[in-house]
Amino acid sequence: MAQETSSLRGIQLASVQPPDTAELLRWSSDPRVGYRWRFGGATPSPAQFVEALWAGVLCQYLVVDQSANHLGLVVCYGADHQNGHVYFAVQGCPQRPSGAGAMVGLLQLVDHVFAHWDFRKLYAEIPGFNEGEFAGALRRHLVTEARLTDHVYFGDRYWDMITCALTREAWHETVRPRFVAVLANSGSAAMAS
């Protein structure tokens with residue numbers, strides 16, 4: 001565990017700036033991983049990408065380590081303030097073999113969202129082929145609320161689209177205390193209050 005958490009030191013969220021869009025376009029267009037993200041393997045033009053990058057977004061951040069290396073992108077989008085829910089997503093940097101840093105950034109995003117807005121639930125839409133990516137600690141606290149059968153085509157077959165929810169209560173009572181403890185043991189940056 002000590003070796004695992006030591007790599008979490010200094011991970012933080014940074015605002016997305018115009019010069020970052022070229023790198024994010026490369027990530028989204030990377031044939032090894034691009035199919036997992038927003039464009040589903042399509043390669044938009046740079047102008048289309050920049051426009052889509054901010055469409056419907058409440059907040060999004062680059063996940064960076066203490067050397068300012070980009071580890072991933074975390075996004076909160078599709079906010080429904082009236083009904084109290086919003087969606088979240090994470091994309092890891094294709095050049096980084098471990099998604100642990102991006103997942104720490106995702107947890108920091110969740111903390112930020114629950115601290116600044118009164119959402120009851122955060123939703124994640126997970127295609128079946130990505131479900132293994134969310135098999136870790138956070139997935140155990142997500143409640144499956146919907147499963148659209150054979151909804152997404154990839155790899156010569158159809159996959160289910162799973163919609164999972166993380167409630168404010170689960171975050172504050174279970175997930176956040178565990179996350180804070182892990183960060184305290186690793187010396188990572190403090191979370192939002």
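Taking the stated definitions as given, is R120 of a type outside the set (A, V, I, L, M, F, W, C), open to solvent by 40 Å² or more (accessible area, probe 1.4 Å) and in contact (Cβ under 8 Å) with a residue 12 or more places away in the chain? Against the criterion (of a type outside the set (A, V, I, L, M, F, W, C), open to solvent by 40 Å² or more (accessible area, probe 1.4 Å) and in contact (Cβ under 8 Å) with a residue 12 or more places away in the chain), R120 qualifies. Screening S29 with (1) in contact (Cβ under 8 Å) with a residue 12 or more places away in the chain; (2) within 15 Å of V113 (Cα to Cα) gives one miss only, at (2).
Scanning region 70-114 for residues that are open to solvent by 30 Å² or more (accessible area, probe 1.4 Å) and small (G, A, S) yields G78, A79, G92, S98, G99, A100.
The values are calculated or read from the model by the stated rules, or taken from the named source; none is laboratory data. Keep in mind that what you see is a predicted model, and the values were worked out from it rather than measured. Methodologically, a virtual Cβ is constructed for each residue, glycine included, from the backbone with ideal geometry; neighbour enumeration extends over all protein chains shown. When the accessible area is computed, the model is the full protein with side chains, heavy atoms only, and any ligands, DNA or RNA have been set aside. Shrake-Rupley method; radii C 1.70, N 1.55, O 1.52, S 1.80 Å.
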